[in-house]
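The values are calculated or read from the model by the stated rules, or taken from the named source; none is laboratory data. In this text, all values refer to a predicted model and were calculated from it rather than measured experimentally. Virtual Cβ from ideal backbone geometry, glycine too; neighbours counted across all protein chains shown.
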Amino acid sequence: MNMATINDQITDEIRKEARRLLKTGEVAALIGYAAGSLPMTVKPLVVRCLEDCERLVWNTFCVLNLATYLPEVLSSVETPYDPRDPRPEEPQAKVAILATGCWSRNIVIQIQEKRVDRERVVVIGVGSRGMVSRAKVKALFPEKDILTVDEGDHELVVHGADFTETINRWAVVRDNCQTCAHPDPVLVDIRIGEPVSERKNPHPFQQVELLEQRSSEERWAWFTAEFSTCIRCYACRNVCPLCYCPTCFVDDARPQWLGKSLDAVDTGLFHVLRAFHCAGRCTDCGACESVCPMGINMRMLTKKLNKDVRDLYGIEAGMEPEAPLPLTTFPLASVEFIVADLAPLPAAARIVQPSSEGDESCKHG
Amino acid sequence: MQTWMISPVELDGLIQQWQKSYAVYVPALSKPATAATDCAPGWRRINAGEPWTLPVGPTPASVKSFYFPQPEILMTFHLEENHPDKGVMREPLKSHEMQVVLGVRPCDAASVLLNQLPFTEDPLFMAKCQRTALVGFTCTTRLSTCFCTEMGGSPHHCAGLDLALSPLQNGFLLEVLSEKGETLVAGCKLVPASESDLAVLADRRQGQGATSSYSSQLEVLKACALSRLYDAPMWQELGEACINCGACTFICPTCFCFDMQDEVVQGQGRRIRYWDSCMFPLYSQHTSGHNPRGKKLQRTRNRFLHKLKYFPDRFGPFSCVGCGRCIGDCPVNIDIREVLNDLVRRTELE
């Protein structure tokens with residue numbers, strides 16, 4: 001364990017690259033992680049000066065999706081201008097961001113949805129070896145206070161006041177990482193560490209399929225039990241790079257779609273609608289599930305929709321910046337069809353297969 | 001007030017005694033359902049003889065919801081066309097039965113006293129204080145997220161409790177601390193605590209780790225000019241990392257902000273008071289559209305300055321008991337202890 005681990009080496013490289021990027025002025029800010037105050041935690045950190053580069057870390061507990069911060073950090077380094085005036089024309093400062101497979105796919109979606117200007121982003125790609133679920137580790141040590149966790153390449157050494165135990169790292173890697181097929185970034189400007197090969201994953205939707213096989217009563221029982229503990233803190237929504245409506249539907253007052261307290265119907269509706277808003281856009285980064293203070297597995301809903309979008313449109317979100325978004329793009333040829341005939345969904349969906357004729361496509365903002 | 005020595009078997013008998021007259025609640029260890037329970041989320045009612053265990057450290061959920069339910073129904077009304085009561089606001093029936101909350105930690109007991117300060121004129125909150133008896137256990141284990149001593153509390157304190165149980169080798173020292181506590185032990189044959197047992201308790205309360213000099217250091221924040229804390233550069237970094245979810249405020253035993261609203265479903269209405277969070281942009285949104293705390297940084301800063309400056313300015317003590325729940329559950333690891341250290345360092349630089 002005294003040897004530098006893979007992640008130690010990646011940390012060194014990230015710091016070196018951050019210093020270079022900031023020193024040369026290539027970027028005005030870099031979005032990364034700093035060490036957390038508790039074992040198995042990290043803090044998102046926006047580095048704007050050379051001294052802060054030394055605070056950057058990379059480890060197996062980086063469970064947030066840094067793309068969430070990208071639009072805000074980009075606007076923070078823009079030349080200030082009056083919102084009534086046109087945007088300044090001069091080139092704006094760039095922002096560097098660390099990205100694994102799923103985070104890079106979210107950056108692709110941000111580019112597709114015109115939230116982020118590709119020219120202003122420097123993607124520092126890091127292949128993900130799978131991030132560890134703090135909840136899974138804690139569950140192995142019930143009623144124990146974990147004081148430190150040392151990370152090796154394939155094992156974690158967990159220390160408490162009266163115990164030290166070595167556990168297999170992969171066994172506590174998050175479910176979404178274990179079933180991930182694209183751990184390597186799809187968009188890379190600067191590569192850190194070795195590329196991680198695509199995983200030949202035979203069962204990417206195994207958990208969803210297990211749920212699908214149950215009867216509707218059983219699925220309803222699962223749904224009501226799973227979401228019954230929600231406290232409506234909206235950590236899942238706020239941590240998600242896909243959720244950026246200026247006013248979320250749960251916060252709308254006119255009309256008010258949802259009650260404000262803990263009614264089971266309201267809570268269930270929030271989760272279902274949130275998931276649908278992510279359909280065709282979710283990269284299964286797992287941030288929602290990782291941050292939930294109540295340990296709710298809301299990722300099953302988005303994962304189910306990822307499966308549907310793959311089956312209906314043959315698309316995995318965020319794989320290509322040039323590809324159209326499956327649910328906000330349709331070829332003009334399909335308009336007549338949609339109006340004329342409300343055919344069963346799969347048939348309609350086949351027509352909406354991405355069109356090769358770019359000029360035939362309409363886009364909804 | 002009297003202190004007794006009670007064995008685990010006698011304690012079980014006492015709990016069964018209470019269950020004949022009162023609802024008794026204990027911490028739920030599995031995932032606490034927030035919906036469709038008859039009590040505060042994170043707690044469960046136990047029947048006579050039902051086993052229960054006390055988790056190490058603070059209970060998963062604080063006792064806040066016993067006093068400040070999410071939501072609280074203030075009024076009910078009917079809007080159906082031909083309803084004889086149409087448009088008349090009625091108060092829902094209130095229970096006056098005593099309820100016993102068993103397994104409360106000293107930090108949570110202190111939080112109830114703190115929350116009574118802003119709610120002192122609130123009849124709903126105070127009525128629940130009247131009918132809720134807190135039976136607590138002093139702590140023998142300090143978790144890595146615990147910092148009650150830094151906030152002026154102690155793992156051995158019993159302020160706010162009606163009965164306090166302190167574990168000894170072969171039983172518990174039972175302190176009766178209020179009239180409600182006396183009611184709970186009335187008629188029980190208990191053995192008074194011996195001098196040596198009392199000495200053990202006194203030692204614990206004065207011994208190492210029972211208090212922290214840091215709490216006196218924190219007092220400088222109360223004297224420090226608000227602008228000095230308000231303009232601290234650290235808010236930039238904290239505000240940038242914060243995702244403005246409401247996790248910290250909802251799990252916090254001393255966050256007590258609420259909003260009110262009428263909900264009407266098919267002509268039947270209820271006026272509810274429900275939890276709000278200063279982390280949410282809508283919290284401070286004005287009707288005009290202006291938001292005085294429109295930025296993340298401003299909202300993050302508000303949460304901490306409310307606990308450490310505005311609340312003490314108005315009521316005296318800090319609005320934090322050091323239970324550490326927010327530290328453990330913050331999605332981006334914002335650690336209030338680090339915020340405190342940074343603020344204290346800033347005042348020391350003056």
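Couple of notes before you dig in:
- Residue among B:129, B:148 that alone is under 29 Å from residue B:335 (Cβ atoms) and at pLDDT 95 or above: B:148
- Residue list for segment A:95-114, restricted to those being at pLDDT 95 or above and basic (Lys, Arg): A:105
- Among the residues listed as B:299, B:314, B:337, B:303, the single one being buried (at least 18 other Cβ atoms within 10 Å of the Cβ) and either at pLDDT below 95 or under 21 Å from the mean Cα position of the chain (by Cα) (or both): B:303
- Just so you know, in segment A:15-54 the residues that are over 21 Å from the mean Cα position of the chain (by Cα) and at the interface with another protein chain (Cβ under 10 Å from one of its Cβ atoms) include one that is farthest from residue A:148 (Cα to Cα), and it is A:48.
- Just one of the numbered conditions (1) part of a loop (DSSP other than H, G, I, E, B); (2) in contact (Cβ under 8 Å) with a residue 40 or more places away in the chain; (3) out of contact with any Lys or Arg (no Cβ under 6 Å at 6 or more places or on another chain) is not true of residue A:27: (3).
- So residue A:141, is it over 23 Å from the mean Cα position of the chain (by Cα) and within 12 Å of chain B (Cβ to nearest Cβ): yes
- Residue in segment B:270-277 that is within 20 Å of residue B:304 (Cα to Cα) and either of a type outside the set (Gly, Ala, Ser) or more than 11 Å from chain A (Cβ to nearest Cβ) (or both) present: yes
- In segment A:257-275, of all residues being facing chain B (nearest Cβ under 8 Å) and not β-branched (Val, Ile, Thr), the one that is nearest to residue B:295 (Cα to Cα) corresponds to A:260.
- Meets criteria (at the interface with another protein chain (Cβ under 9 Å from one of its Cβ atoms), over 28 Å from residue B:260 (Cβ atoms) and either polar (S, T, N, Q) or out of contact with any strand residue (DSSP E or B) (no Cβ under 7 Å at 6 or more places or on another chain) (or both)) for residue A:287: yes
- Taken over segment B:47-77, the criterion of being crowded, with 18+ Cβ neighbours inside 10 Å and more than 14 Å from chain A (Cβ to nearest Cβ) is satisfied by B:63, B:66, B:67, B:77.
- Screening residue A:199 with (1) assigned to a loop (DSSP other than H, G, I, E, B); (2) assigned by TED's automatic domain parsing to the domain that holds residue A:307 gives one miss only, at (2).
- Among the residues of segment B:252-271, just one is touching an Asp or Glu at 6+ places or on another chain (Cβ under 6 Å) and crowded, with 22+ Cβ neighbours inside 10 Å, namely B:253.
- Scanning segment B:227-243 for residues that are away from chain A (no Cβ under 14 Å) and either in contact with a helix residue (DSSP H, G or I) (Cβ under 6 Å, 6 or more places away or on another chain) or crowded, with 16+ Cβ neighbours inside 10 Å (or both) returns B:229, B:232.
- Odd one out for residue B:232, checked against (1) in a helix (DSSP H, G or I); (2) assigned by TED's automatic domain parsing to the domain that holds residue B:341: (1)
- Residues within segment B:208-227 that are of a type in the set (A, V, I, L, M, F, W, C) and in contact with a Ser or Thr (Cβ under 6 Å, 6 or more places away or on another chain), tallied: 3
- Counted residues, segment B:72-94 - those being touching a Leu at 6+ places or on another chain (Cβ under 7 Å) and either within 21 Å of residue B:251 (Cβ to Cβ) or of a type in the set (Ser, Thr, Tyr) (or both): 1
- Helices (runs of 4 or more DSSP H) fully within segment A:227-334 counting 3 or more residues that are buried (at least 22 other Cβ atoms within 10 Å of the Cβ) and of a type in the set (A, V, I, L, M, F, W, C): A:287-291
- Residues of segment B:250-285 that are over 26 Å from residue B:328 (Cβ atoms) and of a type in the set (A, V, I, L, M, F, W, C): B:260, B:264, B:265, B:272, B:282.
- Per the conditions (1) under 30 Å from residue A:159 (Cα atoms); (2) under 17 Å from the mean Cα position of the chain (by Cα); (3) of a type outside the set (A, V, I, L, M), the sole criterion not satisfied by residue A:110 is (1).
- Filter result for residue A:72 (over 22 Å from residue B:296 (Cβ atoms), out of contact with any Phe, Trp or Tyr (no Cβ under 9 Å at 6 or more places or on another chain) and not small (Gly, Ala, Ser)): no
- Residue tally, condition crowded, with 22+ Cβ neighbours inside 10 Å and over 22 Å from residue A:159 (Cβ atoms), over segment B:134-154: 8
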